[in-house]
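Shown next, in structure tokens, is the structure this report addresses.
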């Protein structure tokens, strides 16, 4: 291996920088003599913090500028919240490593510290995610979900100022920012299924950059990678688009993987849920088959 320096591209938010620093530290600790530095890249989603994500084509707004820098050779690798990374990468790019995954669950933060089922009817809950919104309203149709943008700190401030009675966030982000003391309730996956790859950090690189790929392989976690690959395979084959409320979560248990999936679809609010228990080597094939079953059902209901 000849690589002695690596430039890691990332967004400039505090959470993104925490994630990039985590990867940088892992590289320096694991690979003697390597120098790694972080380069901040502004994305379309960062420059406009008020418009809904759908105006930019979804979460891809947070990665396109970084991927452009990667393809142009201005950085060696890109550090992402893996849930922001589309399941199909641009030609020439690959997922080089998935080194860590924090708690994948969603959490509730309320202004007065009460839990979800203690919220008063008509309470306003802030979330920019249709996946969260659809599942929350299944549990509590008597509350009101309103869109919200901004980083974690901004969303918490809006809740504190009374613009919302509660906000829903990712446990992983709250943990990485040292804000878990603000959490009023954790949503278990059987209540609110997380977004595919939620909590995981993904490191993207150029397909033809063998030196960088060799370096990244040394920080890749095979168990986490098996889970997120299962989740990404499911959403890629489902092919519903970035705005469709989809949840997917795989968890290892010994040599097995337990995979759960959720889709909310159609004008009349159809919902599909399923759980698969399979061996690791079959997990992606099983996820493919489930995606096909879901897709057939959705197409049949929405001719």
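The values are calculated or read from the model by the stated rules, or taken from the named source; none is laboratory data. Note that the coordinates shown come from a computational prediction; the quantities given were computed from them, not determined experimentally. Counting neighbours? That spans all protein chains shown, and the Cβs are built from the backbone with ideal geometry, glycine included.
Return a yes/no flag: does the stretch 22-44 have any residue that is under 19 Å from residue 174 (Cβ atoms), modelled with pLDDT of 95 or more and in the same structural domain as residue 214 (by TED's automatic domain parsing).
yes
Being under 17 Å from residue 192 (Cα atoms), within 21 Å of the chain's Cα centre (by Cα) and in contact (Cβ under 8 Å) with a residue 40 or more places away in the chain: is that true of residue 130 here?
Yes, satisfied.
Given the condition farther than 27 Å from residue 18 by Cβ and in contact with a helix residue (DSSP H, G or I) (Cβ under 7 Å, 6 or more places away or on another chain), answer yes or no: does some residue in the stretch 144-155 qualify?
Looking through the stretch 144-155, at least one residue is farther than 27 Å from residue 18 by Cβ and in contact with a helix residue (DSSP H, G or I) (Cβ under 7 Å, 6 or more places away or on another chain).
Residues that are touching a strand residue (DSSP E or B) at 6+ places or on another chain (Cβ under 7 Å), more than 29 Å from residue 24 (Cα to Cα) and in contact (Cβ under 8 Å) with a residue 60 or more places away in the chain: does the stretch 247-260 have at least one?
yes
Can you name the condition, by its number, that residue 167 falls short on among (1) in contact with a strand residue (DSSP E or B) (Cβ under 9 Å, 6 or more places away or on another chain); (2) farther than 26 Å from residue 227 by Cβ; (3) surrounded by fewer than 19 Cβ atoms within 10 Å (Cβ to Cβ)?
All conditions are met except number (3).
Using the structure shown, decide if residue 73 is assigned to a loop (DSSP other than H, G, I, E, B), at positive phi, at pLDDT 95 or above and in the same structural domain as residue 37 (by TED's automatic domain parsing).
Yes; evaluated as a whole, the condition is true for this residue.
When you scan the stretch 277-289, do you find a residue that is crowded, with 17+ Cβ neighbours inside 10 Å, assigned to a strand (DSSP E or B) and in contact with a helix residue (DSSP H, G or I) (Cβ under 6 Å, 6 or more places away or on another chain), even just one?
Yes, because at least one residue in the stretch 277-289 is crowded, with 17+ Cβ neighbours inside 10 Å, assigned to a strand (DSSP E or B) and in contact with a helix residue (DSSP H, G or I) (Cβ under 6 Å, 6 or more places away or on another chain).
From the list 150, 178, 162, which residue is touching a residue at least 24 places away in the same chain (Cβ under 8 Å), within 21 Å of the chain's Cα centre (by Cα) and not assigned by TED's automatic domain parsing to the domain that holds residue 12?
150
Of (1) modelled with pLDDT under 95; (2) farther than 25 Å from residue 23 by Cβ; (3) touching a helix residue (DSSP H, G or I) at 6+ places or on another chain (Cβ under 7 Å), residue 84 satisfies all except one. Which?
Going through the list (1) modelled with pLDDT under 95; (2) farther than 25 Å from residue 23 by Cβ; (3) touching a helix residue (DSSP H, G or I) at 6+ places or on another chain (Cβ under 7 Å), residue 84 breaks only (2).
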